[in-house]
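J.: Below you will find the structure I want to go over with you.
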Amino acid sequence: MPSDLERASNNNMLWPPIADAVDTFLRRRQERAGPYERAWRLIHIWESVEVTLAVAVLSRLCTMSDSADVLRRIRAHFYGSYWDEATRSFQSAQGAANGSIDQWITILEEIPKQATLDGVFLPALKAFLEEEVMDLSALVAAWMRACDVPPDARTSRPCKVKQAMRHVNSLRNRLAHVPFPHDPLQELADALEAVTQQLFGIAPRPSCHEKDGRSSPLTGALQSEWSFLHGTHRETLDERAGAELQLVFPMLRRDRAPREIWRAGPFLHLDTMVRPHVLTRVKDVGTCEYTRFRAEANALLIVDSTEIEALLPHPKQDEYEQSEPSEEQGVAQLPPAESVTGMESAIDAVRRENYDAAIPFFEGVVTARPSYHVGWLRLGHAQREKAVRMAALDQVGAVTLLREAVASLQKATEHLDAGYRAQAFYELSKAFFHLSRLEGDTDSQRNAALDCARTACRLHGDPKYLTWLEYVERSVPLVPSAKGLELQPRATDDTADCTQA
């Protein structure tokens with residue numbers, strides 16, 4: 001009996017780039033490819049799913065008039081350019097435009113955060129990413145026999161699709177960079193195939209059409225001119241669709257509700273043989289790299305296009321400075337502290353690590369305006385940074401200042417904007433973590449650091465939050481469960497209110 005993966009491929013319902021990756025895996029499995037190659041072909045299926053769905057999100061949001069806020073966050077993930085309000089400057093990281101699969105996944109994770117979503121495709125994608133049905137226990141067991149496994153993946157409980165994407169990408173990174181032993185590869189490939197089958201078995205299944213009025217976001221079509229592409233199949237349209245490449249969801253050839261059609265823009269590309277390629281990298285301004293997820297020569301295309309920057313401009317400072325005008329009003333009229341001439345001067349003092357000049361200024365700001373949450377964020381950041389530097393010479397004073405930083409940052413977490421709250425929780429996590437090191441407390445302070453780090457990751461996709469969370473997880477003692485496989489940090493509730501710790 002055909003598996004879900006085979007049925008999805010045979011019925012030609014998948015988005016064409018995903019179908020290319022699935023078809024390649026099934027052909028190579030038929031030819032008895034070795035476990036190492038099978039594992040990589042399966043990883044390519046996951047990558048095709050993540051990148052294809054992410055570019056569908058980008059192209060869809062670019063056509064929607066009310067998507068400015070979510071697009072601003074997505075642009076930060078796309079370019080790896082994140083605004084740091086404490087220092088009022090951008091921090092750089094590898095972005096989706098640099099080829100980071102992690103960031104393509106982060107773009108997808110913005111969709112479940114939206115309370116309401118218009119249309120058909122985006123709500124279907126949100127439901128898919130939030131499905132908590134992925135059982136990774138067999139995969140993790142095989143993975144652990146080969147190399148280290150991230151602590152948050154060591155669970156026998158089902159996880160959400162978006163979390164499974166993260167874990168499979170972590171496996172991919174280890175497979176690419178860690179010398180894997182040969183012995184567990186067969187078991188690993190089998191377990192990864194079973195997990196991939198789970199992905200393609202989520203209802204509504206991508207092997208059928210509009211089950212109970214719903215369609216899987218893994219399904220869809222591309223159309224351009226007279227061509228209608230679905231799965232690995234090309235049909236001829238009865239009427240010309242137009243010169244521009246378009247995405248179609250659900251996969252319907254004829255106009256019928258609730259079909260959505262939107263412009264693919266520069267995010268997908270058809271070559272001269274009408275073969276689909278997906279944007280995977282922006283090499284420089286005006287030069288894009290497109291990938292075809294099929295194992296053949298010349299899978300990459302370099303295409304000149306200036307449209308990416310027009311649709312997704314790099315984040316700019318004035319977007320963030322204007323995002324909170326009400327909290328900025330009146331700050332410039334506050335009396336300057338010694339050696340500081342205003343807000344810009346105080347922020348510059350933090351950059352130069354002149355915390356003795358910056359802290360009194362920020363204290364004056366929040367005293368005059370107790371509801372100025374960004375002021376509390378900057379004050380807490382400066383207090384924590386000064387405490388860390390003075391700890392070697394004055395541990396008692398450092399502990400006192402760290403506790404003041406915790407109090408300041410707890411006030412900062414009350415900000416209404418999710419991005420500001422995420423940064424406040426990130427800074428608060430660091431304050432708790434340094435307190436645990438100075439006070440020798442391995443329970444309450446470290447667990448508070450863990451809870452805050454998780455909250456920051458949940459609120460925002462800045463990679464520094466995930467990197468910090470992984471570091472804290474490695475530092476927090478793990479408690480083995482009665483089942484033996486599951487290892488969890490002592491604080492397991494990632495929705496805990498760590499401001500009360």
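Bear in mind these aren't lab numbers, they're just calculated from the coordinates by the rules spelled out. Note that this is a predicted model, so its numbers are computed, not measured. When we count neighbours, we look across all protein chains shown, and the Cβ atoms used for this are built from the backbone with ideal geometry, even at glycine.
J.: So what is the orientation-averaged projected area of region 170-232, using the convex hull of its C-alpha atoms, in nm²?
T.: 6.9 nm²
J.: Measuring from a point 7 Å past the Cα of ASN10 along Cα-to-C-beta, which residues in region 265-294 have an amide N at less than 15 Å?
T.: none
J.: Kirkwood hydrodynamic radius of region 221-304 from all distinct Cα pairs, in Å?
T.: Here the Kirkwood hydrodynamic radius works out to 13.7 Å.
J.: Moving on to the next point. Each label point is 7 Å from the Cα along the Cα-to-Cβ direction; what then is the distance between the points at ARG157 and ASP118, in nm?
T.: In this crude label model, ARG157 to ASP118 measures out at 3.7 nm.
J.: For the pair LEU300 and ASP394, how long in nm is the line joining their label points, each one 7 Å along Cα→Cβ?
T.: It works out to 5.4 nm between the two label points.
J.: May I ask you to order 170-179, 73-82 by the average number of other C-beta atoms within 10 Å around their residues, highest value first?
T.: Per-residue mean Cβ counts within 10 Å order the peptides as 73-82, 170-179.
J.: A follow-up question, please. Where the Cα atoms of region 4-199 are projected onto their three principal axes, how long is each span, largest first, in whole Å?
T.: Its Cα atoms span 50, 43, 30 Å along the three principal axes.
J.: Can I ask one more? Taking region 105-178, how much of its Cα-Cα pair set, in percent, is spaced more than 18 angstrom apart?
T.: For region 105-178, the fraction of Cα-Cα distances above 18 Å is 45 percent.
J.: Further question: Rounded if a/c is under 1.5, else prolate if a/b is larger than b/c, else oblate: which is region 343-447, with a ≥ b ≥ c the root eigenvalues of its Cα gyration tensor?
T.: oblate
J.: Just report the Cα centroid separation between region 19-36 and region 54-80, whole Å.
T.: Region 19-36 and region 54-80 have Cα centres separated by 33 Å.
J.: Over the C-alpha atoms of the chain, what are the Rg and the largest Cα-to-Cα span, Dmax, in Å?
T.: Over the chain's Cα set, Rg and Dmax evaluate to 24.8, 79 Å.
J.: What FRET efficiency would be calculated for the residue pair GLU225, TYR36, taking the C-beta separation as r and a Förster radius of 45 Å, to the nearest 0.05? Display every interim value, and only then the final one.
T.: Values: r = 41 Å, r/R0 = 0.90.
Computed FRET efficiency for GLU225 and TYR36 comes out at 0.65.
J.: Let me ask another. Roughly what would the spin-label model give for GLU309 and THR287, points 7 Å off Cα along C-beta, in nm?
T.: The two pseudo-label positions are separated by 1.3 nm.
J.: Related question: Sort 15-22, 62-69, 143-150 by packing, meaning the average of other beta carbons within 10 Å per residue, with the highest value first.
T.: Ranking the peptides 15-22, 62-69, 143-150 by packing returns 15-22, 143-150, 62-69.
J.: Starting from 0.36 nm per residue, how many nanometres of slack lie between ASP238 and MET273 once their C-alpha separation is accounted for?
T.: Result: 10.6 nm gained on full extension.
J.: Then there is this: Rounded, prolate or oblate: which one fits region 1-101, using the alpha carbon gyration tensor with axes a ≥ b ≥ c (rounded when a/c is under 1.5, else prolate when a/b beats b/c, else oblate)?
T.: It comes out oblate by the Cα gyration axes.
J.: Relative contact order of the chain: what whole-number percent is it, with Cα pairs under 8 angstrom and at least 6 residues apart?
T.: 15 percent
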